[in-house]
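Structure, as structure tokens:
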Amino acid sequence: MDNADTQLDFATVLASSIHDMKNSLGMVLNALDEVVDAETGECNCTPERVAQLQYEAKRVNDNLIQLLTLYKMERGHYGLNVDEVDVAEFMEESYLKNKPLLDHKGIGIDLDVDGDLLAYFDPYLLDGVVDNVVTNAARYTRDRLRLSARDEDGYLHICVEDNGTGFPEAMLGRGARMQGEGDFAAGRTQLGLHFCAMVAGAHTAGDRAGYIELTNGGELGGGCFSIYLP
Amino acid sequence: MGTDLKGRRVLVVDDFANMRTTLKHMLEAVGIRDIEMAANGREAVGKIERGDFDVVLCDYNLGEGKDGQQVLEEVKHRGLIRHSTIFVMITAENTMNMVMGAMEYRPDDYLTKPFTKDLLRRRLERQVARKADFQTIERAIQNKDLLKAIELCDGRIAEQPKNVNEFLRLKGELCLEVQDYDQAEQVFRQALERRNLPWAMVGLGKIQYQRGDYPAARDTFQAAIAEHKAYMEAHDWLARTLLRMGEGQAAQDVLNEAVAMSPKAVLRQRTLGEVAAGNEDHETAERAYRRTVTLGKESVFRSPSDYAGLAQAQVRNDGSPLEVAKTLNAMRQDFKGDQAATLEAAVAESSVYREMGREDEARKAFEEAVALYETVGGEASTQVALGMAEACLAFGDRERGMAIMEHVVSNHHDDEAVLGKAQGVFDKVGMREEGEKAILASQQEVKQRNNQGVSLVREGRLEEAVALFDEVVGKLPFNTTANLNAAQARLMHMKQNGAEKEALSRARRYLECVRRSDPQNANLHKLWSLYERLAG
């Protein structure tokens with residue numbers, strides 16, 4: 001798992017993560033403050049507000065999972081629990097998990113997976129990855145997401161597409177492209193990307209390893225986040 | 001009920017009241033009404049013991065007392081739960097490695113928090129369908145008719161369902177159990193064609209082990225670990241193989257690595273303790289046994305021998321007598337009221353005090369053991385019996401000591417491991433030659449009787465054979481060969497003269513006994529099939 005261009009040490013990861021989580025929790029507390037009017041006791045719970053709360057809470061959860069996993073991987077304590085996975089079922093579950101958030105944001109979602117597809121990966125880890133990608137995509141998409149999976153040259157290709165404005169130029173291509181250190185705003189996505197790249201890379205079969213790839217265009221015309229697993 | 005969730009009976013186990021309520025609401029939203037709750041492990045086991053649940057939703061973390069995995073192990077080990085009951089473990093963060101490192105029992109599924117009710121529903125529906133899929137096979141296994149179970153697996157495999165690998169895996173395990181190594185090998189190789197699946201790699205390794213090709217087994221298990229570091233079974237089998245090859249230290253290293261990844265598996269910690277003690281690494285042994293004792297407090301696998309191992313390691317580490325006494329006292333406390341366990345504790349205590357040179361306390365414990373042996377000695381495990389015999393011989397109670405040894409040897413006259421241990425006891429008390437003679441004599445006697453019976457069977461004198469073997473089993477209730485022969489004679493008699501209730505029940509008892517002591521026995525499974533056919 002040699003990623004020569006990433007010198008992400010755990011302290012940086014931790015700091016960036018905590019910063020992110022504090023932001024999220026701050027927004028949650030704010031939003032909750034506004035939910036009940038202090039003077040009238042009236043409840044201002046709109047779907048938009050609920051969606052925002054859900055989104056920020058999910059971000060915190062994603063962060064925690066990533067932190068723990070990266071910590072263990074760094075220490076070599078993480079043994080992948082590879083299992084035979086029914087990909088259609090797996091993607092459907094991802095969809096079910098994220099549906100409440102997407103519904104509240106008014107985002108439609110398409111699923112396109114071959115019912116017979118079987119693959120071998122750590123479902124717990126990949127669940128975290130897909131969750132992460134979907135949570136992010138939900139932020140940047142206009143009103144639609146597409147989850148797909150297929151067999152491509154002996155790799156399982158999982159793809160999350162949106163119809164937003166797409167990824168910035170600097171992020172496109174294979175692997176987790178780092179945009180510069182010390183930039184906490186970019187740091188948000190950095191940790192997530194790093195996590196996804198590490199999880200993909202940890203999956204090996206013979207001399208092949210998994211990887212992530214960001215492209216623009218695709219079926220929905222926005223960004224495409226691809227995960228390839230051998 | 002089909003694959004419908006309504007009408008199913010569910011037990012929710014979680015130490016947080018609001019989590020229990022949340023789960024209850026989720027279940028109700030899914031259409032389930034029959035819901036019971038438990039706030040901790042002890043309550044859960046109690047309810048499962050008294051009730052009959054279709055689904056158990058159990059959080060891994062249950063605060064003080066048993067954790068979810070320990071609940072699962074207890075209810076499965078004690079047979080309190082049906083095969084068709086779905087056990088779902090709810091985990092937070094990655095407690096996966098905690099749970100997956102367990103050796104014996106695994107939940108049907110895991111759910112990580114947070115999850116939605118739709119996900120819960122989806123998982124439950126999937127498990128219900130899955131249980132239905134395996135129902136006939138599970139029933140055959142429950143009836144001990146393994147050959148039939150294999151047949152059923154073959155049927156499903158031929159249909160090439162999506163989850164064909166699950167059936168292949170089960171078939172492979174079953175073939176291993178009936179010692180059909182050729183077929184097992186075929187199965188595992190077939191699975192490996194598509195992918196280097198960990199269970200198939202380990203399966204091949206197990207075959208090599210059983211065929212006695214230990215170096216090949218070692219290589220196979222090492223390859224499996226290299227590719228699947230978190231697959232605990234590979235580590236356990238590698239350690240076992242290395243021990244067979246006499247590489248005690250290497251085995252210990254493997255186990256050390258395994259417990260680092262999965263620290264809460266009590267059986268593995270115990271094995272580490274035993275291996276370390278065997279390697280004279282008393283520091284590691286002490287640490288491992290200490291952990292075993294702690295983990296054992298809430299585990300169904302606990303045993304006085306863990307305390308004994310700890311005490312022994314403490315003695316050999318030049319520990320303070322006070323510490324050793326504390327350990328022995330804790331052992332007594334922990335197993336108070338359990339007579340068989342107290343016997344074991346007394347025997348262990350006697351041995352430890354003898355090693356410390358405290359003869360008076362050793363004798364006191366010994367006398368207590370003697371008294372207990374009168375009542376529960378008959379059911380004592382071989383290990384305890386040997387310990388008892390050693391104590392008797394050490395304290396000059398020759399008659400009793402030899403009687404116990406003779407009994408143990410006769411009951412296991414062809415079990416090399418047991419005979420080896422028995423000889424070890426004689427060596428320890430300075431009776432090597434005498435011991436060798438006694439063991440041989442007991443063996444001869446049993447062999448003779450068995451051969452007599454076998455001749456009778458060959459001559460077609462089945463009724464006489466039945467009588468003879470019944471007598472032998474009466475005297476040596478744990479002797480595998482005698483039990484097998486007795487069962488076979490009965491079954492053959494019934495084949496000729498028709499099945500009869502009393503005879504069937506006897507035959508079954510004999511087979512059960514063999515299954516308990518030698519579940520891998522090749523003849524056992526053929527006889528079970530025959531029994532099942534006659535029982536109709």
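Of all the residues that make up region A:62-83, how many are out of contact with any Asp or Glu (no Cβ under 7 Å at 6 or more places or on another chain), surrounded by 19 or more Cβ atoms within 10 Å (Cβ to Cβ) and within 9 Å of another protein chain (Cβ to nearest Cβ)? Looking only at that region, the number is 4.
Here A:ALA88 meets each of (1) touching a His at 6+ places or on another chain (Cβ under 9 Å); (2) under 28 Å from A:ASP112 (Cβ atoms); (3) within 11 Å of chain B (Cβ to nearest Cβ) with one exception, condition (1).
Just to be sure I understand, how many residues within region B:453-474 are more than 32 Å from the chain's Cα centre (by Cα) and either among the aromatic types (Phe, Trp, Tyr) or surrounded by fewer than 17 Cβ atoms within 10 Å (Cβ to Cβ) (or both)? Residues that pass the stated criteria total 8.
Against the conditions (1) crowded, with 24+ Cβ neighbours inside 10 Å; (2) of a type in the set (A, V, I, L, M, F, W, C); (3) closer than 27 Å to A:GLY206 by Cα, B:LEU272 satisfies every one except (3). What is the one condition in (1) closer than 27 Å to A:TYR211 by Cβ; (2) free of Cβ contacts under 8 Å to residues at least 12 places away in the same chain that A:GLY128 does not satisfy? That leaves (2) as the condition not met. Scanning region B:178-221 for residues being surrounded by 18 or more Cβ atoms within 10 Å (Cβ to Cβ) and in contact (Cβ under 8 Å) with a residue 40 or more places away in the chain gives a total of 1.
Being aliphatic (A, V, I, L, M) and within 18 Å of B:CYS58 (Cα to Cα) is the filter; apply it to region B:108-149 and report the residue that is farthest from the other protein chains (Cβ to nearest Cβ). The extreme case among them is B:VAL128.
Residue by residue, here is whether (1) within 14 Å of another protein chain (Cβ to nearest Cβ); (2) among the basic types (Lys, Arg); (3) in contact with a His (Cβ under 8 Å, 6 or more places away or on another chain) holds:
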site	(1), (2), (3)
B:PRO161	yes, no, no
B:ARG189	no, yes, no
B:LEU197	yes, no, no
B:LEU204	no, no, no
B:PRO215	no, no, no
B:ASP219	no, no, no
B:ALA223	yes, no, no
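Residues that are in contact (Cβ under 8 Å) with a residue 24 or more places away in the chain and within 14 Å of another protein chain (Cβ to nearest Cβ): does region B:60-83 have at least one? For region B:60-83, residues in contact (Cβ under 8 Å) with a residue 24 or more places away in the chain and within 14 Å of another protein chain (Cβ to nearest Cβ): present. Just a yes or no: is a residue in region B:497-510 surrounded by 21 or more Cβ atoms within 10 Å (Cβ to Cβ), at pLDDT 90 or above and under 24 Å from B:ALA149 (Cβ atoms)? Yes, region B:497-510 contains at least one residue that is surrounded by 21 or more Cβ atoms within 10 Å (Cβ to Cβ), at pLDDT 90 or above and under 24 Å from B:ALA149 (Cβ atoms). Within region B:242-271, which residues are in a helix (DSSP H, G or I) and of a type in the set (Asp, Glu)? B:ASP253, B:GLU257 - these are the residues of region B:242-271 that are in a helix (DSSP H, G or I) and of a type in the set (Asp, Glu). Restricting region B:254-279 to residues that are free of Cβ contacts under 8 Å to residues at least 24 places away in the same chain and either in contact with a helix residue (DSSP H, G or I) (Cβ under 9 Å, 6 or more places away or on another chain) or within 24 Å of B:VAL71 (Cβ to Cβ) (or both), the residue that is farthest from the other protein chains (Cβ to nearest Cβ) is B:LEU272.
The values are calculated or read from the model by the stated rules, or taken from the named source; none is laboratory data. All of these numbers come straight from a predicted model, not from anything done at the bench. Using ideal geometry, Cβ is built from the backbone for each residue, glycine included, and neighbour counts are taken over all protein chains shown.
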